[in-house]
Amino acid sequence: MATTTIAKALNAGLRRAMEADAKVILCGEDIGKLGGVFRITEGLQKDFGEERVMDSPLAESGIVGTAIGMALRGYRPVVEIQFDGFVYPAFDHIVSQVAKMRSRALGHVQLPMVIRIPVGGGIGAVEHHSESNEAYFAHTAGLRVVAISNPADAYWLIQEAIAADDPVVFYEPKRRYWDKGELDETHRGVPPMSQASVVRTGSDVTVACYGPMVKTCLQAAQAAAEEGTSLEVIDLRSLSPLDLDTVAASVERTGRLVTVHEASGFLGIGAEVAAQVQQRCFYSLEAPVIRVTGYDVPYPPSRIEEDFLPDLDRVLDAVDRSLTY
Amino acid sequence: MTPTAPRPATEGGPDMIQLLTPEGQRMHRREDQQYADIAAELSDEDLRGMYRDLVLIRRIDAEANALQRQGELGIWVSLLGQEAAQVGCGRALRPQDYAFPTYREHGVAWCRGVDPLNLLGLFRGVNHGGWDPNEKNFHLYTIVIGAQALHATGYAMGVNLDGAVATGDPERDTAVIAFFGDGATSQGDVNESFVFAAVHNAPVVFFCQNNQWAISEPNDRQTRIPLYQRARGFGFPGLRVDGNDVLASYAVSKAMLDRARDGQGPSFIEAFTYRMAAHTTSDDPSKYRVSAEVETWKLRDPILRFKAYLAHEGKADAAYFATIDAEADEMATYVRSGCLSMPDPPGTLMFDHVYAEQHAQLAAQRAEFVAYQAGFEGAH
């Protein structure tokens, strides 16, 4: 067991996946000598060579489109999209090509591919560098969508995503890259990629969140505990498929659910969780499901992004509203 | 530099590589000698085989068109007029090569050995393609214009990583070919694929069938220079070949495929041809093009031209042509009966291949679907 950051854990996970399977190759903008703008691939080109860690032309459609071809040839490409807001030029290849190809071929081809996307705001960036676009991809059948929140998941889930035979959109919480946590590289102590994880047990209100909001919700739970309210915090981890069993089991005990994400609320992951939970837990619910989300606006300029992003107080406010029913 | 305006849709210009006149006479342009040399290596049996491919694929296409008119296919995309470009190129491929088609490459599919009935499934609506691409190294049809050019380029990058180029082993050295049309050359994906292929020296041949019409839009809506000239700006050769001349199409394709297999990287072939039929069975070309243009291209029919060549060179006789016609009739019967007996798949098919490992939510949804359907059984 050692203390490390999400960024370093991802780097170590990528390294281990590349050591384990020579078919694993990395492609993306500036991922070679520079190690990526967030240094997630630091040192990998030096150790694995320019053939396996490729600096791509600056063309996202080309990056994902050629990765599909490499997957068809038997490789396991891991592509880095430099920032969340830059993924849209690749939308066709993600949504119409890689997601559907296995189904179109009636299972005759496998499309093992990981699309890594640093996601979310809170870093004071210019526009297009702070977005949360997971709902687009979670809406698309054929993709798996994963959002990590801590170093242990970063290390183990990146390897699991690479080993999967389905395409995985892998969201990394960019403002948490340098947050520390415990990682045991010798023993996998985390659940499978498709499962949610109860990261803090509690009895009064269930809080379902993922990615960068897990830390926020854990802080909210700590603050609530000091005031005598017990929050159960669930890190969804997999956004497609959604592990509703874990959420429903918790809501059946607490009777209350608050969902939290940075992405805009309208038709977001929280909406899907709310719809499914009210159907499954109708007789257990003591209050309506309350969503805490970014507003339904374009991501704002950084000087007012704190007003957009859910924070500890907004989570606690939602918890209080839930408890008034 | 003053841009060169595209020539009329009937004129290939002096750079167009040709080995046969529209009347089927062998041409001997000095600048095309290297391609004549390649064509000269074809045996009489090869030449007759080419003719057979041309006739059979045209007949398959006609039968599919008729099946659409009779309501058996939802739509059909005719290759009429483009047989020589496809057969010439298709015959230049080796078994280990890999082809990424659009949705009109029935002739290439035929040359790869893909059962024509596989092609019909998509258009009948029983699947979205469904064949195993790795069985004949022929990828699924791609309908989003130009997307496959990137898949081909990535595949070729994988070939490079495998070291399957420039080994000198003809069974191992591999080329990849991306098919697309004139309209697709405007797509970002096609241009990005040129960039990636050039940067990676990928063993990929970009084969553009310029059939003059992107549904209703002529070449001047896509370009202001001849398409083959674009390749130079990306750093690899671009050639224009008479796409209605099967010998020239074969020879140019073979030269560029050999080049790719030999580690010399990408190239671009513009096969100058004509879409004799509508874009699809849903289209009405009388709204946007003049019949005189169609009549001009009728005189360049790729099959009549090649048949005349074979006949007066003594490569094939009337008895041979009659045999092929009879085989085409049999093929039409095969296509028709195969289409009519193609079963509709069960509704559960839509759930079954979405993921390599089906997840619990989808499994539950499938079970709900099955239960819902079962609720109707025995109902009146």
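No value in this document is a laboratory result; all are computed from the given coordinates. All of these numbers come straight from a predicted model, not from anything done at the bench. Note that each Cβ is placed from the backbone with ideal geometry, even for glycine, and that neighbours are counted across all protein chains shown.
Where in chain B lies the longest segment free of chymotrypsin sites (Phe, Trp or Tyr not before Pro) that are both loop residues by DSSP (not H, G, I, E, B) and have at most 15 other Cβ atoms within 10 Å?
It runs B:1-287.
With coordinates expressed along the principal axes, the C-alpha atoms belonging to chain A extend over 59, 42, 42 Å, beginning with the largest.
Modelled label positions at A:Asp317 and A:Arg253, each set 7 Å beyond Cα in the direction of Cβ, lie 2.9 nm from each other.
So if R0 is 25 Å, what FRET efficiency would A:His139 and A:Ala163 give, r being the distance between their Cβ atoms, rounded to the nearest 0.05?
In this case the efficiency is close to 0.50.
Let me check against my output: what whole-number percent is the relative contact order of the stretch A:197-323, with C-alpha pairs under 8 Å and at least 6 apart? Relative contact order comes out at 28 percent. Given Cα pairs under 8 Å that are at least 6 residues apart, what percent is the relative contact order of chain B? About 25 percent, as a whole number. Apply the a/c threshold of 1.5 to the C-alpha gyration tensor of the stretch B:92-228 and tell me whether it is rounded, prolate or oblate. Taking the square roots of the gyration eigenvalues as a ≥ b ≥ c, the stretch B:92-228 is oblate. What does the C-alpha gyration tensor say about the overall shape of the stretch B:20-169? Classify as rounded when a/c is under 1.5, otherwise prolate if a/b is larger than b/c, or oblate. Here the stretch B:20-169 falls in the oblate category. Going 7 Å from the Cα of A:Glu127 toward and past its Cβ, which residues in the stretch A:61-100 have a backbone nitrogen under 15 Å from where you end up? Residues A:85-86 qualify, since their backbone N sits under 15 Å from the label point.
Here A:Ala271 and B:Ala311 are evaluated by their C-beta separation; at R0 = 45 Å the FRET efficiency comes out at 0.05.
Give, rounded to the nearest 20 debye, the magnitude of the charge dipole that chain A has about its Cα centre when Lys and Arg contribute +1 at Cβ and Asp and Glu contribute -1 at Cβ. Using Cβ point charges on Lys, Arg, Asp and Glu, chain A gives about 800 debye. When the alpha carbon gyration tensor of chain B is reduced to an equivalent ellipsoid, its three semi-axes come out at 35, 26, 21 angstrom, largest first. For the stretch A:107-219, the calculated P(r) over all alpha carbon pairs, in 5 Å bins from 0 to the bin holding the longest distance, is 2, 10, 19, 22, 21, 14, 8, 3, 1, 0 percent. Building the convex hull from the alpha-carbon atoms of the protein assembly as shown and averaging its projection over directions returns 36.3 nm². Rounded to the nearest 20, the size of the Cβ-charge dipole of the stretch B:86-193 about its Cα centre is 320 debye, with Lys and Arg at +1 and Asp and Glu at -1. Restricting the GluC sites (Glu not before Pro) of the stretch A:202-281 to loop positions (DSSP other than H, G, I, E, B) with no more than 14 neighbouring Cβ atoms within 10 Å leaves A:Glu227. Placing unit charges on each Cβ (+1 for Lys and Arg, -1 for Asp and Glu) gives chain B a dipole about its Cα centre, and among B:Val199, B:Ser291, B:Leu119 the Cα reaching farthest toward its positive end belongs to B:Ser291. If R0 equals 22 Å, the separation of the Cβ atoms of B:Glu295 and B:Asp325 corresponds to a calculated FRET efficiency of about 0.30.
Hull volume per residue, based on the alpha-carbon atoms of the stretch B:163-296 and their convex hull, is 119 Å³.
For a test of understanding, tell me how many lysine pairs in the stretch A:1-118 have Cα atoms under 20 Å apart, given they are 8 or more places apart or on different chains.
Working: A:Lys8/A:Lys33; A:Lys8/A:Lys46; A:Lys23/A:Lys46; A:Lys33/A:Lys46.
Close lysine pairs under the 20 Å cut-off: 4.
Dipole magnitude for the stretch B:30-340: computed about the Cα centre from +1 point charges on Lys and Arg Cβ and -1 point charges on Asp and Glu Cβ, it is near 680 debye.
Extending 7 Å from Cα along the Cβ direction at B:Asp115 and again at B:Phe376 yields two label points whose distance is 2.9 nm.
By the Kirkwood approach, averaging reciprocal distances over each pair of separate Cα atoms, the stretch B:302-380 gets a hydrodynamic radius of 17.9 Å. Over the stretch A:219-276, the hull volume per residue, using the convex hull of the C-alpha atoms, is 95 Å³. When you filter the trypsin sites (Lys or Arg not before Pro) in the stretch A:116-195 for DSSP loop state and at most 16 other Cβ atoms inside 10 Å of their Cβ, you are left with A:Arg188. Of the trypsin sites (Lys or Arg not before Pro) found in the stretch A:241-325, not one falls in a DSSP loop while having at most 15 other beta-carbon atoms within 10 Å. Between the listed residues B:Val241, B:Pro302, B:Gly146, the Cα displaced farthest toward the positive end of the dipole of chain B, a dipole computed from Cβ unit charges relative to the Cα centre, is found at B:Val241. As a length-normalised measure over Cα pairs under 8 Å and 6 or more apart, the relative contact order of chain A settles at 16 percent. The DSSP beta bridges internal to chain B are antiparallel in roughly 10% of cases.
Straight Cα distances below 24 angstrom link B:Lys307 to the lysines B:Lys254, B:Lys298, B:Lys315, with same-chain residues fewer than 8 positions distant left out.
When Rg and Dmax are taken over the Cα atoms of the stretch A:2-183, they come to 15.0, 46 Å. Across the options B:His359, B:Ser43, B:Gly183, the greatest Cα extent toward the positive end of the charge dipole of chain B (unit charges at beta carbon of Lys, Arg, Asp, Glu) belongs to B:Gly183.
Looking at the protein assembly as shown, the DSSP beta bridges with both ends there are about 20 percent antiparallel. Take B:Met342 and B:Ala166, extend 7 Å from each Cα along the Cα→Cβ direction, and tell me the distance between the two endpoints in nm. Computed distance between label sites B:Met342 and B:Ala166 equals 4.3 nm.
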